[in-house]
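Colleague: Take this structure first; my questions come after.
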Amino acid sequence: MAWRFALLIDSVASDLQRGDFAETFTIVDPSGPVLSLGELSAQRGDGVFESLGVVDGHAQEVGPHLDRLAHSARLCELPAPNLDQWRAAVGRVAAEAGRGEAVIKLILSRGVEHGPSPTAWVTLGDAPDNARARIEGVRIATLDRGYALEAPSRAPWLLLGAKTLSYAVNMAAIREARRRGADDAVFVTTDGFVLEAPTASVILRFGDRFVTPEPSAGILHGTTQRSLFAHLEQSGFETAYETVLVTDLVRADAAWLLSSVRLAAPISAVDGEPVAVDRAFTDALNAYLLSPRD
Ligand code: PLP
């Protein structure tokens, strides 16, 4: 990803009054050396992050993303982010975005080993071209995540449900999916339930009813899924959080991967078996997701 703009946040100074937040931001060269070699985010992936979509300069769903950043920080026992300060930082960075689609990343790292404070920064980058995934869809491979549905309640230290910087497993899953001739992966439990994709939520349509796996299954509660469910409910559809069987992926009338930057990508094949893509309905979903959302 080409970074266009970046700023560091002095999160220790976060008790400043609202109007003074700009003083806590240091604009840095996005292609220059910025972080210390001792950074625990780089050494251990020890930190949390968020990726926001930006459309024509409008950062989407800032509140839900900040809430999830705070939730992830709590699970990782990181200091609570000052959400007003982070909101001001997002506003400062979004002001650089211009027209078209872009990505804002928020990163809160545990900081330098034995250092005094966390490291925090916000970047602006170009969005990849997602037109093909939105129109033609994505072929998915189901991949066993290696634990049963109730694992998160027995093993909270796995940090399932926190958006941590440790995404090596998620990236490995996408590579494995590609080796299997697919475009993306969907994680499933050892007992046969659907979880999520490595960087997206899964939703399925059965008639006028839309379902997604329960967030308590140790998956991220997607901001895009939540926004879309609210929109679908307003449009008269029923929505529900449920346990979703792997076999539902081919039984559903349609299914999508949802995420903040790629938005709605219809699933076009499951483990090599083609499934129907509703092009017109998907276009309508993406038109909604590209509209300004708070
Ligand atoms: N699940 C995982 C593991 C993710 O990494 C993401 C987004 O990056 C999502 C779900 C979708 O979340 P959102 O819609 O907030 O982008």
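The values are calculated or read from the model by the stated rules, or taken from the named source; none is laboratory data. None of the values given here were measured: they were computed from a predicted structure. Positions of Cβ are backbone-derived with ideal geometry, glycine not excepted, and every protein chain shown enters the neighbour counts. In case anyone asks, the SASA skips ligands and DNA or RNA and just uses the protein heavy atoms, side chains included. Shrake-Rupley method; radii C 1.70, N 1.55, O 1.52, S 1.80 Å.
Colleague: Given Cα pairs under 8 Å that are at least 6 residues apart, what percent is the relative contact order of the chain?
Modeller: Across the chain, relative contact order equals 19 percent.
Colleague: Under a crude label model (7 Å from the Cα following the beta-carbon direction), how far is TYR167 from THR190 in nanometres?
Modeller: About 2.8 nm, to one decimal.
Colleague: Once the range 92-154 is represented by equal point scatterers at the alpha-carbon sites, with solvent omitted, what log10 I(q)/I(0) does the Debye formula produce at q = 0.15, 0.18, 0.24 Å⁻¹?
Modeller: -0.90, -0.91, -0.94
Colleague: Also: Angle between the Cα long axis of helix 83-94 and the longest principal axis of the chain, 0 to 90 degrees, nearest 10?
Modeller: In the chain, helix 83-94 runs at an angle near 80 degrees to the longest axis.
Colleague: Right, another one. Pop a pseudo-label 7 angstrom from the Cα along the beta-carbon direction at both GLU113 and ARG175 and give the gap in nm to one decimal.
Modeller: Computed distance between label sites GLU113 and ARG175 equals 2.4 nm.
Colleague: Could you tell me which of ILE135, ILE107, THR239 has its Cα farthest along the dipole of the chain towards the positive end, charges placed at Cβ (Lys, Arg +1; Asp, Glu -1), taken about the Cα centre?
Modeller: ILE135
Colleague: Another question, then. Looking at VAL250, SER260, LEU290, which one has the Cα that reaches farthest to the positive end of the dipole of the chain (charges on Cβ: Lys, Arg +1; Asp, Glu -1)?
Modeller: It is VAL250.
Colleague: Further, regarding this structure: Counting pairwise Cα distances across the range 3-126, what percent come out greater than 21 angstrom?
Modeller: Here the tail beyond 21 Å accounts for 35 percent of pairs.
Colleague: Here's another thing I want to ask about it. Roughly how big is the chain's charge dipole about its Cα centre, with Cβ charges of +1 (Lys, Arg) and -1 (Asp, Glu), in debye to the nearest 20?
Modeller: Result for the chain is approximately 380 debye, rounded to the nearest 20.
Colleague: Hey, another quick one. Between TYR241 and ASP56, how high is the FRET efficiency from 1/(1 + (r/R0)^6) when r is the Cβ-Cβ distance and R₀ = 30 Å? Nearest 0.05.
Modeller: Computed FRET efficiency for TYR241 and ASP56 comes out at 0.40.
Colleague: Next question. Ignoring ligands, DNA and RNA, please state the percent of accessible area on the chain from carbon and sulfur, probe 1.4 Å.
Modeller: Carbon plus sulfur share of accessible area: 52 percent.
Colleague: Could you size up the charge dipole of the range 131-289 around its Cα centre, putting +1 on the beta carbon of Lys and Arg and -1 on that of Asp and Glu, and report it in debye to the nearest 20?
Modeller: Roughly 580 debye, rounded to the nearest 20.
Colleague: Residues of the range 161-294: accessible area per residue at 1.4 Å, in Å²?
Modeller: On a per-residue basis, the range 161-294 sits at 41 Å².
Colleague: Further question: Using label points projected 7 Å from each Cα along Cα→Cβ, tell me how many nm separate THR26 and HIS71, to one decimal.
Modeller: So the label points at THR26 and HIS71 sit 3.2 nm apart.
Colleague: Can you pull a Stokes-Einstein diffusion coefficient for the range 131-289 at 20 °C (1.002 mPa s), Rh from Kirkwood over Cα pairs, as a whole number of µm²/s?
Modeller: Answer from the Stokes-Einstein relation: 137 µm²/s.
Colleague: Between PRO116, PRO198, PRO213, which gets the highest mean-square fluctuation from a Gaussian network model of the chain, Cα cutoff 10 Å?
Modeller: Of the options given, PRO116 has the highest mean-square fluctuation.
Colleague: For a distance above 35 Å, tell me the whole-number percent of Cα pairs in the chain that qualify.
Modeller: Within the chain, distances greater than 35 Å cover 18 percent of Cα pairs.
Colleague: Now for a separate question. In Å², and per residue, what accessible area does the range 3-126 have when probed at 1.4 Å with the other protein chains present?
Modeller: Value for the range 3-126: 47 Å² per residue.
Colleague: What residue among SER260, SER117, SER41 shows peak mean-square fluctuation when the chain is described by a Gaussian network model with Cα springs under 10 Å?
Modeller: SER117
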